[in-house]
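Take a look at the structure set out below.
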Amino acid sequence: MLDAEVRELMQPFVLSDYQVQEVYSRFCLEVARGLKRSTHPQANVKCFPTYVQDLPTGDEMGKFLALDLGGTNFRVLLVSLKGHHDATVSSQIYAVPKDLMVGPGVELFDHIAGCLAKFVEKHDMKTAYLPLGFTFSFPCVQLGLKEGLLVRWTKGFDCPGVEGEDVGRMLHEAIQRRGDADIAVVAILNDTTGTLMSCAHRNADCRVGVIVGTGCNACYVEDVENVDLLHADFKKTKRQVIVNAEWGAFGEGGQLEFVRTEYDREVDEKSINRSEQLFEKMTAGMYLGNLVRLVLLRALERKLIFKQSSRRPEFASVLQKNQEVFETRYISEIEDDSFPEFASTRKIVKQLFGLEKASVEDCQTLRYICECVAKRAATLVAIGVSGLVNRTSNRRVIVGMDGSVYRYHPKFDSYMRQILQKLVKADKEWDIMLSEDGSGRGAALVAAVASKSK
Ligand code: BGC
């Protein structure tokens, strides 16, 4: 049985029906403000047009390179689109050293171009002409399909000299500086766009793409007449365009203050992008473990966990060491654990604190803390998804999803479905599908569709 005091501790994370409805209304309003020219500058859900106006048909063919920068790793991929909704992908992961994440931008792009050159050499493609789709998963103002100005860094990146610059040009210049491969950057896209495209490749009803990974964001298909920022030329022949919501910034205008907790405020205050990306800080993998860590510290202080142990001050100092000690993947592992064995939970407790056999009660308390933090994240994501699904003009809407939190958390999907059931309009038919390699296949599809429509 859970202590009433533990329930009380977690109460601020449990959103009431009223709060869910209220966040939903505020979110929908922000999306509408982001789309409108007159309110766009003040809106915090920016709704940037992506210039991707064609969804894949499944017939796309050809070889494409793709780059994926934006999470914990950086990847280079070779994607062969084979028609008949089919594709093969071979890829290589490269680490992005911590100092490059906050060092001069030019060095980051040189590192990327260096990895790209190694990859091309390894695949024996040095002499081939290769179109490249660049999945750059940060907020960008797109000026066209292959030009994107970085608005701000997120997710722990902070490289001077890139904000306000065209990242397509920076990548192109870094490739030119090396001069050892014939690669053309033909498209820049967000990972959510990649997710939507790769799901649409499989299922023609996909209209929303969502990432809940290191960061959190979504895109959706909007009618061109509602997208004020899209240049008139792009409204003449095509009816729709993918809009990158950049919902991670939701709340920067104070809209989430009525649900943010003291823990959310602390996560924000200690982050390198203070007061920014407040919705992201409640939903994304980069922050969820840290939230659990802060709640655990409070639980230790109030003697609500490890009550029998005299080593509580020592446990607290382990948690105070750094913001990353309680990894977000532990949340998934703990919620996946079986009662009353709690094998994974006990392993994590032992690894963190050196405590041999945590009691069933302690494991339950820890699990409840994780559950409340993850469920709130899933609820918030589902509120946003519902808002976007309700905006699309289709009756049947598939939501393409990706990201480590969604993928590996055992209940994230079902938490989300409970909310979608309540908020999506009754005349819509919806479902969620897991994306297969949106950043690779999706980037190739954007590149392919772009060359086709030319
Ligand atoms: C970025 C988005 C991205 C999301 C998921 C956020 O921090 O602003 O552009 O889609 O992370 O990677």
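The values are calculated or read from the model by the stated rules, or taken from the named source; none is laboratory data. Owing to the predicted nature of the structure, the values given are computational and were not obtained by experimental measurement. A quick note on method: Cβ atoms are made from the backbone with ideal geometry, for glycine too, and the neighbour counts reach across all protein chains shown. Surface areas here come from the heavy atoms of the whole protein model, side chains and all, with no ligands, DNA or RNA. Shrake-Rupley method; radii C 1.70, N 1.55, O 1.52, S 1.80 Å.
Quick notes on this structure:
- Of all the numbered requirements in (1) within 21 Å of Gly400 (Cβ to Cβ); (2) open to solvent by 60 Å² or more (accessible area, probe 1.4 Å); (3) not in a loop (DSSP other than H, G, I, E, B), Gln21 misses one, and that requirement is (1).
- Residue among Asp233, Asp228, Asp166 that alone is surrounded by fewer than 16 Cβ atoms within 10 Å (Cβ to Cβ), at pLDDT 95 or above and of a type outside the set (Lys, Arg): Asp228
- From Ser309, Ser317, Ser332, residue being over 23 Å from the mean Cα position of the chain (by Cα) and either part of a loop (DSSP other than H, G, I, E, B) or surrounded by 17 or more Cβ atoms within 10 Å (Cβ to Cβ) (or both): Ser309
- Residue in region 285-304 that is part of a loop (DSSP other than H, G, I, E, B) and either under 17 Å from Glu335 (Cα atoms) or within 27 Å of the chain's Cα centre (by Cα) (or both) present: no
- Screening Gly71 on (1) assigned to a strand (DSSP E or B); (2) buried (at least 19 other Cβ atoms within 10 Å of the Cβ); (3) of a type in the set (Gly, Ala, Ser) shows it passes everything except condition (1).
- Flag for Ser344 being open to solvent by 10 Å² or more (accessible area, probe 1.4 Å), within 30 Å of Ala249 (Cβ to Cβ) and not basic (Lys, Arg): no
- Pairing each residue of region 127-140 that is closer than 23 Å to Asn217 by Cα with any residue that is among the basic types (Lys, Arg), provided the two are 6+ apart or on different chains, yields C-beta distances under 7 Å for Pro139/Lys46; Pro139/Arg152.
- Of all residues in region 109-139, exactly one satisfies the criterion of being open to solvent by 60 Å² or more (accessible area, probe 1.4 Å) and of a type in the set (S, T, N, Q), namely Thr127.
- From the list Leu278, Leu300, the lone residue that is within 16 Å of the ligand (Cβ to nearest atom) and out of contact with any Cys (no Cβ under 8 Å at 6 or more places or on another chain) is Leu278.
- Test for Leu35: is it in contact with a Cys (Cβ under 6 Å, 6 or more places away or on another chain) and in contact (Cβ under 8 Å) with a residue 24 or more places away in the chain: yes
- Of everything in region 68-81 that is hydrophobic (A, V, I, L, M, F, W, C) and more than 14 Å from the ligand (Cβ to nearest atom), the residue that is nearest to Asp158 (Cα to Cα) is Val76.
- Residues that are open to solvent by less than 10 Å² (accessible area, probe 1.4 Å) and within 16 Å of the chain's Cα centre (by Cα), drawn from region 377-402: Ala377, Ala378, Leu380, Val381, Ala382, Ile383, Gly384, Val385, Leu388, Val399, Gly400, Met401
- Strands (runs of 3 or more DSSP E) fully within region 130-197 counting 1 or more residues that are near the ligand (Cβ under 9 Å from one of its atoms) and of a type in the set (Phe, Trp, Tyr): 130-136
- Residue list for region 45-67, filter: outside any strand (DSSP E or B), away from the ligand (no atom under 12 Å from the Cβ) and either under 25 Å from Glu252 (Cα atoms) or not small (Gly, Ala, Ser) (or both): Cys47, Tyr51, Val52, Gln53, Asp54, Leu55, Pro56, Thr57, Asp59, Glu60
- Counted residues, region 387-405 - those being among the hydroxyl-bearing types (Ser, Thr, Tyr) and touching a Leu at 6+ places or on another chain (Cβ under 6 Å): 0
- All conditions but one from (1) more than 29 Å from Ala444 (Cβ to Cβ); (2) in contact with a Lys or Arg (Cβ under 6 Å, 6 or more places away or on another chain); (3) in contact (Cβ under 8 Å) with a residue 24 or more places away in the chain; (4) of a type in the set (D, E, K, R) apply to Lys270; the one that does not is (2).
- Subset of region 354-376 (residues that are open to solvent by less than 40 Å² (accessible area, probe 1.4 Å) and not charged (D, E, K, R)): Leu355, Ala358, Cys363, Thr365, Leu366, Tyr368, Ile369, Cys370, Cys372, Val373, Ala374
- Contact map, region 241-258: first residue without any contact (Cβ under 8 Å) to a residue 24 or more places away in the chain, second residue open to solvent by less than 10 Å² (accessible area, probe 1.4 Å) and within 16 Å of the ligand (Cβ to nearest atom), Cβ cut-off under 8 Å, separation 6 or more or different chains; pairs are Glu257/Gly251.
- The lone exception for Leu296 - which of (1) open to solvent by less than 30 Å² (accessible area, probe 1.4 Å); (2) closer than 21 Å to Thr154 by Cα it fails: (2)
- Residue tally, condition away from the ligand (no atom under 15 Å from the Cβ), part of a helix (DSSP H, G or I) and closer than 19 Å to Thr379 by Cβ, over region 223-261: 0
- Extreme residue, farthest from Tyr51 (Cα to Cα), among residues of region 198-214 that are within 16 Å of the ligand (Cβ to nearest atom) and open to solvent by 10 Å² or more (accessible area, probe 1.4 Å): Thr214
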